[in-house]
Amino acid sequence: MPASAQDDLSAQGILAIGKKTGACGIMDSMIQFQKTIRMEGGEAFVLRFWEVEAARLGMSVQQLSEQCNKSVSAYDTLWSTAEALP
């Protein structure tokens, strides 16, 4: 999956960035929800969810977080570029 909007992107690459950014947004929403609501056992659940998702993808939680950050950055760049189109 391309992580940078500067890469030579295909339509599939652009869609992959959008999909990854959406998934990361949902995972970030889980963190924000827990910070706001402070559901009992919620922190352990969110951490475990991130750990399982990272393991499923063959990476650490830190690597998954970094990949999410890169995907969001690439998405933002693509969004800005699309806004500039006629």
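The values are calculated or read from the model by the stated rules, or taken from the named source; none is laboratory data. Here the structure is a predicted model, which means the values were calculated and not measured. No Cβ is skipped: glycine too gets one built from the backbone with ideal geometry, and neighbour counts run over all protein chains shown. Surface areas here come from the heavy atoms of the whole protein model, side chains and all, with no ligands, DNA or RNA. Shrake-Rupley method; radii C 1.70, N 1.55, O 1.52, S 1.80 Å.
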Report task. Mind pulling the angle between the C-alpha long axis of helix 61-84 and the longest principal axis of the chain? Nearest 10 degrees, somewhere in 0 to 90. Result -> 40 degrees
Report task. Could you state the angle between the C-alpha long axis of helix 42-56 and the longest principal axis of the C-alpha atoms of the chain, as a value from 0 to 90 degrees rounded to the nearest 10? Result -> 50 degrees
Query raised in the report: Roughly how tilted is helix 11-37, in degrees to the nearest 10 and between 0 and 90, from the longest Cα axis of the chain?
Result: 30 degrees
Query raised in the report: Along each of its three principal axes, how wide is the spread of alpha-carbon positions in the chain, in whole angstrom units, largest first?
Result: 49, 28, 16
Report summary line: Pseudo-spin-label distance L57 to S80, built 7 Å along Cα→Cβ, given in nm, is 2.3 nm
**Report entry** Candidates per trypsin sites (Lys or Arg not before Pro) in the chain, loop by DSSP, up to 12 other Cβ within 10 Å
**Finding:** R38
Requested in this report: Express in Å², to the nearest 10, the accessible area of T21 obtained by rolling a 1.4 Å probe over the protein heavy atoms while all chains stay in place.
Outcome: 20 Å²
**Report entry** Accessible surface of V72 - all protein chains present, 1.4 Å probe, nearest 10 Å²
**Finding:** 60 Å²
Query raised in the report: For the chain, with every protein chain kept in place, what is the accessible area per residue (1.4 Å probe, Å²)?
Result: 71 Å²
Query raised in the report: Using a probe of 1.4 angstrom, how much of the accessible area of the chain is carbon and sulfur, in percent?
Result: 59 percent
